[in-house]
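Colleague: One structure is given below, represented as structure tokens, and several questions about it will come after.
The values are calculated or read from the model by the stated rules, or taken from the named source; none is laboratory data. What you see is a predicted model; the values in this text were computed from it and never measured. Using ideal geometry, Cβ is built from the backbone for each residue, glycine included, and neighbour counts are taken over all protein chains shown.
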Amino acid sequence: MEMRTLFFDTAAEVGVIALFDGKELVNSIEIINRPGSAEDLVQAIADFVDKPQDIELLALGVGPGSYTGMRKSATVAMSWAYALKIPLVTLSSLDLYVPDEKGPFVILMDAKRGKFFVRLGQMGDQITWESEPQLLTKEQLLPYLNEKRIVSSPHQNLAITSDRWGSGRINLETVAALCDEKAQKKEFDSQYPIRLLYLQDPYISRDL
């Protein structure tokens, strides 16, 4: 059964709010992830959603990424799920940046201090993941870049070199498919507070 799903992610500087009917995108907007309280995100979602009572599922990117952004999203998601009495699913924020082009890829997010949040995969008729989300130094990352993988990242100022860059934007088609798959399998997140994917000390992540 298709579910009307509200999704949002603020793990990077530019976040997204999207509405899906099953795997079909209804609407989406990009938002700037400003430091501070969750009020901007709360207002952005309120302006975006015409009929909150029609939302049947909440989906959330849980990092890795900005400590503040992740915490804000989690707080807002728990409030919405509780108020609407609807289930919630969580996704790794790295998984949202899968490139459209077929072939091997590496998804990167800047973890600061010379480190990167990384996930490796292959894009074919479906996504095949080759690693779990991980934290790597530049030296640990370089061998994967030498494999001529497509580099997909929301950060365009990374100090790395590649001749194969993805769009750097959240792939909403992938998001819709991941949310729908979790809904069909009833893989709902029942843990409160929501477990965020830091991959490093959250006090270091505050710098992001």
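Colleague: Going through Arg119, Arg169, Arg195 one at a time, which residue ends up being basic (Lys, Arg), in contact with a strand residue (DSSP E or B) (Cβ under 9 Å, 6 or more places away or on another chain), free of Cβ contacts under 8 Å to residues at least 40 places away in the same chain and not in a helix (DSSP H, G or I)?
Modeller: So the residue among Arg119, Arg169, Arg195 that is basic (Lys, Arg), in contact with a strand residue (DSSP E or B) (Cβ under 9 Å, 6 or more places away or on another chain), free of Cβ contacts under 8 Å to residues at least 40 places away in the same chain and not in a helix (DSSP H, G or I) is Arg119.
Colleague: A follow-up question, please. Pick from the stretch 136-183 the residues that are surrounded by fewer than 16 Cβ atoms within 10 Å (Cβ to Cβ) and charged (D, E, K, R): which of them is nearest to Ile31 (Cα to Cα)?
Modeller: Arg169
Colleague: If you don't mind, there's one more thing I want to ask. Is it the case that Leu108 is surrounded by 19 or more Cβ atoms within 10 Å (Cβ to Cβ) and either free of Cβ contacts under 8 Å to residues at least 60 places away in the same chain or assigned to a loop (DSSP other than H, G, I, E, B) (or both)?
Modeller: Considered against the rule, which asks whether it is surrounded by 19 or more Cβ atoms within 10 Å (Cβ to Cβ) and either free of Cβ contacts under 8 Å to residues at least 60 places away in the same chain or assigned to a loop (DSSP other than H, G, I, E, B) (or both), Leu108 comes out as yes.
Colleague: Testing Lys186 on (1) assigned by TED's automatic domain parsing to the domain that holds Thr75; (2) surrounded by 11 or more Cβ atoms within 10 Å (Cβ to Cβ), one condition comes back false. Which one is that?
Modeller: Unmet condition: (2).
Colleague: Residue under question is Val98, and the condition is that it be touching a residue at least 12 places away in the same chain (Cβ under 8 Å), touching a helix residue (DSSP H, G or I) at 6+ places or on another chain (Cβ under 6 Å), under 24 Å from Phe48 (Cα atoms) and crowded, with 20+ Cβ neighbours inside 10 Å; does it hold? Don't jump to the end; show me each part of the working.
Modeller: Working: touching a residue at least 12 places away in the same chain (Cβ under 8 Å): yes; touching a helix residue (DSSP H, G or I) at 6+ places or on another chain (Cβ under 6 Å): yes; under 24 Å from Phe48 (Cα atoms): no; crowded, with 20+ Cβ neighbours inside 10 Å: yes.
Spelling it out, it is not the case that Val98 is touching a residue at least 12 places away in the same chain (Cβ under 8 Å), touching a helix residue (DSSP H, G or I) at 6+ places or on another chain (Cβ under 6 Å), under 24 Å from Phe48 (Cα atoms) and crowded, with 20+ Cβ neighbours inside 10 Å.
Colleague: Further question on the same structure: Identify, please: which residue in the stretch 35-90 is touching a residue at least 12 places away in the same chain (Cβ under 8 Å) and among the basic types (Lys, Arg) and is, among those, surrounded by the fewest Cβ atoms within 10 Å (Cβ to Cβ)?
Modeller: Arg71
Colleague: Name every residue in the stretch 32-68 that is β-branched (Val, Ile, Thr) and modelled with pLDDT under 95, in order of residue number.
Modeller: Across the stretch 32-68, the qualifying residues are Ile32, Val42, Thr68.
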